[in-house]
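The structure under discussion appears below in the form of structure tokens.
Derivation of every value follows stated rules applied to the coordinates shown; laboratory data play no part. Keep in mind that this is a model prediction, so the values were computed, not measured. Cβ coordinates were reconstructed from backbone atoms using ideal geometry, including for glycine residues, and neighbour counts include every protein chain displayed.
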Amino acid sequence: MKNNTAWWLRITVAFFAVIVLMEVYIDSGDQPAFLAYPTLMFGFMALILLLLIAIAFIVQAIENVLYNTLDEEAKERYLATKEEKWEWTWGKKMYNKMLGSKPMEAEGEIILDHNYDGIRELDNKLPPWWVYLFYASIVFAIIYLVRFHVFNDYNQTLEYEQEVAAAQLEIEEYKKTAKGLVDANTVELLTDASDISAGKGIFEGNCVACHMADGGGGIGPNLTDQNWILGGGIKNVFHTISEGGRDGKGMIAWKQNLKPAEIAQVASYVLNFQGTTPANPKAAEGDIWVDPNTPAQETPVEAEATPVVIDSAAVTMN
């Protein structure tokens with residue numbers, strides 16, 4: 001049969017429509033459905049594709065059968081109908097209007113007398129779309145002039161500073177949830193079991209040789225007492241692990257071997273040794289560290305004793 005329709009186009013549109021509907025109705029969390037359930041999705045979509053192809057061939061076969069049952073006159077009318085193409089009449093009119101060009105048959109009306117070696121010049125008008133854009137640029141220039149040079153609205157420097165400030169706020173918000181960007185100033189004590197477990201694994205793999213598995217200390221200091229050589233607390237411990245201990249005799253800097261998130265995990269695990277009793281504790285080193293952010297306890301003021309007044313006249317002498 002002649003003039004087959006674009007069945008492959010209909011299949012493609014229907015196939016992607018099914019994919020969109022599945023993404024809308026399948027709850028796959030933050031991931032796309034085809035990533036969350038790849039086997040199910042690809043298997044189901046392969047089945048849908050086969051069904052669409054089968055339906056397209058069935059429809060085409062039915063159309064051929066019906067076409068062959070028509071007489072010659074009906075066949076001609078049917079083919080003429082199939083030859084008709086849909087046109088967006090309004091869009092075509094607007095395109096021709098905005099283009100503003102004249103057909104070749106009407107060029108004789110706008111031809112000029114200029115003749116250069118057989119080359120003639122046409123007196124074409126500017127395309128309407130170009131004219132409208134030119135007028136729009138004039139209006140824009142007037143508004144811009146009044147806003148920024150008459151009423152002195154924000155300038156480029158102020159706009160830049162505002163965008164930098166907004167970006168800085170976004171960066172700070174991102175750092176709060178991005179463990180990989182943590183540093184000694186932004187680190188917080190981790191309490192999740194997964195973080196503590198990860199910190200324990202890092203400690204046992206890298207630190208037990210100097211601090212012992214129970215934190216009692218060996219080559220390195222005791223981690224269970226309240227004394228710290230370079231300061232306690234999560235920020236100081238993070239900084240010590242990251243940058244290393246005292247020059248020449250302290251711990252090496254682990255920032256080349258561990259990621260910031262891993263340093264935060266092992267630092268949080270180290271602080272869990274506080275108050276525990278190791279098997280062979282090493283003698284305390286350094287000074288007792290007091291968290292400066294801990295509110296100081298106020299010493300209660302003793303109530304002044306109320307003087308007892310004795311009335312001499314009420315005392316009976318025996």
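Observations
- Dipole of the chain, positive direction: furthest Cα of Val290, Thr277, Gly215, with charges on the beta-carbon: Gly215
- Approximate spin-label separation Val18-Gln256, in nm, with each point projected 7 Å along Cα-to-Cβ: 5.8 nm
- Net length gained if the chain between Asn293 and Glu161 were fully extended (0.36 nm per residue, minus Cα distance): 44.2 nm
- Protection proxy ranking of 199-208, 147-156, 216-225 - average other beta-carbon atoms within 10 Å, highest first: 216-225, 199-208, 147-156
- For q = 0.11 Å⁻¹, Debye-computed log10 I/I(0) when each Cα of the range 193-288 counts as one equal scatterer: -0.27
- Gaussian network model of the chain, springs between alpha carbon atoms under 10 Å - residue of Asp183, Asp192, Asp27 with greatest fluctuation: Asp27
- Remark: the range 9-84 carries a charge dipole of roughly 220 debye about the Cα centre, counting +1 on each Lys and Arg Cβ and -1 on each Asp and Glu Cβ.
- Dividing the summed helix terms, -39500 (n - 2.57) for each DSSP H run of n ≥ 4, by the number of residues in the chain produces a 222 nm estimate of -16000 deg cm²/dmol to the nearest 500.
- Positive-end residue of Gln226, Phe140, Gly250, charge dipole of the chain with Cβ unit charges: Phe140
- On the basis of the beta-carbon distance and an R0 of 51 Å, Ser28 and Phe140 show a calculated FRET efficiency of 0.65.
- Dipole magnitude of the chain about its Cα centre (Cβ charges: Lys, Arg +1; Asp, Glu -1), debye to nearest 20: 980 debye
- Quotient of C-alpha Rg and 2.2 N^0.38 Å, computed over the range 1-115: 1.84
- Computed log10 I(q)/I(0) for the chain at 0.07, 0.10, 0.11 Å⁻¹: -0.80, -0.95, -1.00, from the Debye equation with unit scatterers placed on every C-alpha and solvent omitted.
- At least 24 Å along the helix axis (C-alpha) and Kyte average at least 1.0, DSSP helices within the chain: 7-25, 38-68, 128-145
- Placing +1 on the Cβ of every Lys and Arg and -1 on the Cβ of every Asp and Glu, with no other charges, gives the range 1-145 a dipole of roughly 280 debye about its Cα centre.
- Between the listed residues Val266, His239, Ala36, the Cα displaced farthest toward the positive end of the dipole of the chain, a dipole computed from Cβ unit charges relative to the Cα centre, is found at Ala36.
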